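I have placed the structure first, in the form of structure tokens, so that the comments after it can refer back to it.
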Amino acid sequence: MRNKIFKYFNESELEKFGGFYKLKNEYEKIENPNSKLILVTSINPTPEGEGKTTTLIGINDCLNYFGKDSLACLRQPSMGPFFGIKGGATGSGQCEILDAEKINCGFTGDFYEIEAANNLIMSVIENEIYFNSDLNINPEKIMWKRCIDINDRSLREIKYEIKKGIEIKSGFTITAASYLMALFCLAKNKKDFKNKLENTIIAFNKKDNPVYLKQLKITDAIMLILDNALKPNLAFSKFDNPIIIHGGPFANIAHGCNSLIALIHAINKTEFVLTEAGFGSELGAEKFIDILCREANLIPDLVVLTITLKAVKHHGKTILEKNNQKYCSKELIDTGFENVKHHFDLLKKFNLNVCIIINKFDSDDLKELNYLKSKSDSLTKTAISTMWQDGPKANKIIFDLIINNVNKPKEINFIYDVNDDSISKINKLTINNYQANAVLYSEKAKEKLNSFEPYIKNFYICGAKTPFSISTSLEFVNFEKNDVLVEDIEINFAAKFIIPIYSKVFLMPGLPKEPNAKNIKLSEIKK
């Protein structure tokens, strides 16, 4: 057992699980209100990379190296993007989690167990229909879907007959976007999870009354399947610092935060806690603040906005080439920096304390890098990180940046009031976050909202859109205002999410032409 674990956890709190550990303790509430919570987010992602996970691991290593008690919390990677287009999500260089391949490919089995529990629910719903049970479930009003942790576009919509004359139209989501995953990551502990699960609407009967999961009488079976999964996982950085990895919702089609159970563990154990929100701040950070912070009554002491020179120039190139403009490197940086400003301004609207970290690539031009830093310094305190190359010893500037800028605001300015009606909440989110001039609704979306309105009061809004643009469409990358169409609505009754779906964003991704699965070489991994 690594000695550093005993700095944060007693041996009785740990359970060996393969090459990793499970945390056994249960917490009813946050018991360490003085812990400093740091959220790591970024600008819109590009193929060049921004490095949120690298930054988070690096900051955690820096804080520990220079004498502070710090724990990091991360989402578990999904095998969908690992074998699809994105690759792994465990950092790299000097900021990598040990045993990365195992973590990227199944880890301790949490995703499999969530998948099994989720699909058992759907199987029992259909079994009630098959045997004409007293629940009298309407086959056309099932509010649950199956899930699987691979990218498979053919499973987005499926149609099958469960008995003669009864046809089901349904589909699969990827496990990271499943309703159960969202609930898994918003529960404070097993008791809270069980209570929320039991009171989840899973269907409507033929009299149009809701059917709750507790009426299926399988709650204990679900809890049995998830007994180990609900315990957070403990892994280690290259510098032997513990990192809690638990839960894994995507931010473009779910809420993009690690589990609240993991976060409460970390907050109760240490002075500094780092957590990451997926994709850009208009997606992951917004959902962390508007959903998770409300659910847990948390306020981040600091938000770190992560950028790279390459990513900023990529945004600049995209905009300038779309407008058929010629450019030099300075114009690329100036134009691309508008993306940085937009995300910074959005985070400040929440009344949050923000600093910027620039991840340095070995190939970065130092003159360009310093020019980018000067622009960033005009917004807020900024540091250039060489954590990827050099590790914590050479990066006291990162330690100083964090220590000198941790300052909890008295309150958060949320984008919407959770007690507002659904249309008002969606409109406020879309206009304030996604560059909308006006919000339009398809007939399908309006019909669903009207139908479910009595049951979705006080629900959160969890937008599903492209992560690659501040707006809801890749057509609008130059920050111009546009009319936005809500094409469809999904309701996650488990996590209490209203999910407006903008343009073509799928809850089940497809594989690219050349999936990353073809690049996996077992012989190289074993070396």
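Hey, what do the phi angles of segment 149-166 turn into as Karplus ³J(HN,Hα) couplings, whole Hz, using 6.51/-1.76/1.60 and θ = phi - 60°, x for Gly and Pro?
8, 9, 7, 8, 4, 5, 9, 4, 10, 10, 9, 7, 9, 8, 6, 4, x, 10
Name the residues whose placed amide hydrogens come within less than 5 Å of the amide hydrogen of Glu490, ignoring near sequence neighbours (fewer than 5 apart) on the same chain.
Placed amide hydrogens put Ile499, Ile501 under 5 Å from Glu490.
Quantify, in whole percent, the carbon and sulfur part of the accessible surface of the chain (1.4 Å probe; protein heavy atoms only).
Working: 10450 of 21640 Å².
Within the chain, the accessible surface is 48 percent carbon and sulfur.
Given points 7 Å out from each Cα along the Cα-Cβ axis, report the Lys141 to Asn228 separation in nanometres with one decimal.
4.0
Evaluate the Kirkwood expression for the hydrodynamic radius of segment 371-496, namely the inverse of the mean inverse distance over all pairs of different C-alpha atoms, and round to one decimal in Å. Intermediate values should be presented prior to the final figure.
Details: mean 1/r = 0.0552 Å⁻¹.
Kirkwood hydrodynamic radius for segment 371-496: 18.1 Å.
Taking the alpha-carbon centroid of each part, what is the distance from segment 307-343 to segment 89-121 in angstrom?
34
How large is ³J(HN,Hα) for each residue in segment 507-518, as worked out from phi by the Karplus curve 6.51 cos²θ - 1.76 cosθ + 1.60 (θ = phi - 60°), to whole Hz, x for Gly and Pro?
Once θ is set to phi - 60°, the couplings for segment 507-518 become 6, 10, x, x, 7, x, 4, 10, x, 4, 4, 6 Hz.
Pairs of Cα atoms under 8 Å, at least six residues apart: use those to get the relative contact order of the chain, whole percent. Walk me through the intermediate numbers first.
Values: 1101 pairs, mean separation 111.4, N = 527.
Result for the chain is 21 percent.
Report the FRET efficiency, 1/(1 + (r/R0)^6), for Asp390 and Tyr160, where r is their Cβ-Cβ distance and R0 is 60 Å, rounded to 0.05. Before the final figure, lay out the partial values.
Values: r = 56 Å, r/R0 = 0.93.
Efficiency, rounded to the nearest 0.05: 0.60.
So what does the Cα-only Debye profile of segment 95-221 read at q = 0.18 Å⁻¹, as log10 I(q)/I(0), no solvent term?
The calculated log intensity ratios at q = 0.18 Å⁻¹ are -1.03.
Express in whole angstrom the spacing between the alpha-carbon centres of segment 200-245 and segment 361-382.
Comparing the Cα centres of segment 200-245 and segment 361-382, I get a distance of 43 Å.
With viscosity set to 0.890 mPa s at 25 °C, what whole-number translational diffusion coefficient in µm²/s follows for segment 27-72 from Stokes-Einstein and a Kirkwood radius over Cα pairs? Display every interim value, and only then the final one.
On the way: Rh = 12.7 Å.
Using the Kirkwood radius from Cα pairs, D works out to 193 µm²/s.
Compare the peptides 267-278, 201-212, 485-496 by average per-residue count of other Cβ atoms within 10 angstrom and give them in order, highest first. Intermediate results must be reported in sequence, preceding the final value.
Working: 267-278: 24.1, 201-212: 16.2, 485-496: 21.9.
Highest to lowest by the protection proxy: 267-278, 485-496, 201-212.
Probe of 1.4 angstrom, ligands and nucleic acids ignored: what's the accessible area per residue over the chain, in square angstrom? Walk me through the numbers before you get to the answer.
Details: 21640 Å² over 527 residues.
On a per-residue basis, the chain sits at 41 Å².
Taking amide hydrogens as modeled 1.01 Å from N in the peptide plane, which residues meet the under 5 Å criterion relative to Leu74, leaving out close sequence neighbours?
Ile244, Ile245, His246
Please work out the Cα center distance from segment 128-179 to segment 252-271, rounded to the nearest Å.
Distance between centres, Cα-based: 30 Å.
How do 26-38, 379-391 rank on mean C-beta neighbours within 10 Å, highest first? Show your work: numbers first, answer last.
Details: 26-38: 14.9, 379-391: 19.0.
Order by mean packing, descending: 379-391, 26-38.
Measure nothing but the geometry: give the 0 to 90° angle between the long axis through the Cα atoms of 366-377 and the longest principal axis through the Cα atoms of the chain, rounded to 10°.
60
When the helices in the chain are scored as -39500 (n - 2.57) per DSSP H run of 4 or longer and the sum is shared across all residues, what 222 nm value do you end up with, to the nearest 500 deg cm²/dmol?
Details: 16 runs with 167 residues, N = 527.
So the helix-based figure for the chain works out to -9500 deg cm²/dmol.
What residues have an amide H closer than 5 Å to that of Arg146, excluding those fewer than 5 places away on the same chain, when H is modeled at 1.01 Å from N in the peptide plane?
Distant-sequence amide H within range of Arg146: Gly171, Thr173.
With an 8 Å Cα cut-off and a minimum separation of 6 or more residues, compute the relative contact order for segment 435-510 in percent. Working shown, then result.
Details: 121 pairs, mean separation 30.5, N = 76.
With pairs under 8 Å counted, the relative contact order is 40 percent.
Considering the convex hull of the alpha carbon atoms of segment 252-388, report its projected area averaged over all viewing directions, in nm², one decimal.
Details: hull surface 38.4 nm².
Seen from a random direction, the Cα hull of segment 252-388 projects 9.6 nm² on average.
If I take R0 = 30 Å and measure r between the Cβ atoms of Leu120 and Asp488 in this structure, what FRET efficiency does the formula 1/(1 + (r/R0)^6) give, to the nearest 0.05? Don't jump to the answer; show the numbers that get you there.
Working: r = 26 Å, r/R0 = 0.88.
FRET efficiency, Leu120 to Asp488: 0.70.
Length gain on complete extension for the stretch Glu198 to Asn32, per 0.36 nm per residue less the alpha carbon to alpha carbon distance?
Details: separation 166, 0.36 × 166 = 59.76 nm, distance 2.96 nm.
Result for the pair: 56.8 nm of gain on full extension.
Hey, what did segment 116-250 get for relative contact order, percent, Cα under 8 Å, at least 6 apart?
On the way: 184 pairs, mean separation 31.9, N = 135.
In percent, rounded to a whole number, it is 24.
Which of the residue pairs Lys102/Lys231; Lys16/Lys396; Lys194/Lys496; Lys145/Lys496; Lys287/Lys317 have a Cα-Cα distance greater than 22 Å in the structure shown? Could you put the intermediate results ahead of the total?
Numbers: Lys102/Lys231 18 Å; Lys16/Lys396 34 Å; Lys194/Lys496 15 Å; Lys145/Lys496 16 Å; Lys287/Lys317 29 Å.
The answer is Lys16/Lys396; Lys287/Lys317.
Computed over the Cα atoms of segment 1-101, what is the ratio Rg over Rh, Rh following Kirkwood? Don't skip to the end; give the middle numbers.
Details: Rg = 15.7 Å, Rh = 16.0 Å.
With Rg and the Kirkwood Rh in hand, the quotient comes to 0.98.
Can you list the equivalent-ellipsoid semi-axes of segment 132-190, largest first and in whole Å, using the square root of 5 times each Cα gyration tensor eigenvalue?
On the way: eigenvalues 126, 67, 10 Å².
Working through the eigenvalues yields semi-axes of 25, 18, 7 Å.
What ranking do 48-59, 159-170, 439-450 get when scored by the average of other Cβ atoms within 10 Å per residue, highest first?
Answer by packing, highest mean first, reads 48-59, 439-450, 159-170.
Through the Karplus equation 6.51 cos²θ - 1.76 cosθ + 1.60, θ set to phi - 60°, convert the phi angles of segment 422-437 into ³J(HN,Hα) values in whole Hz; use x for Gly and Pro.
Coupling constants for segment 422-437: 4, 4, 4, 5, 5, 4, 4, 5, 5, 6, 6, 9, 10, 6, 7, 8 Hz.
Multiply the residue separation of Lys373 and Lys521 by 0.36 nm, subtract the distance between their alpha-carbon atoms, and state the gained length in nm to one decimal.
Numbers: separation 148, 0.36 × 148 = 53.28 nm, distance 3.87 nm.
Extending this stretch completely gives an extra 49.4 nm.
By how many degrees, between 0 and 90 and to the nearest 10, does the Cα long axis of helix 329-349 differ from the longest principal axis of the chain?
Taking the Cα atoms of the chain, the angle to 329-349 is about 50 degrees.
Using only Cα atoms, find the angle between the long axis of helix 443-452 and the longest principal axis of the chain, and express it within 0 to 90 degrees, rounded to the nearest 10.
Between the helix axis and the principal axis of the chain, the angle is about 70 degrees.
Distance in nm between label sites at Asn127 and Asp345, each 7 Å beyond Cα in the beta-carbon direction?
Using points 7 Å along Cα→Cβ, the separation is 5.5 nm.
The values are calculated or read from the model by the stated rules, or taken from the named source; none is laboratory data. Quick caveat, the model's predicted, so the values are computed rather than measured. We place every Cβ from the backbone using ideal geometry, glycine too, and count neighbours over all the protein chains shown. Protein only, heavy atoms only, side chains kept; ligands, DNA and RNA dropped before computing areas. Shrake-Rupley method; radii C 1.70, N 1.55, O 1.52, S 1.80 Å.
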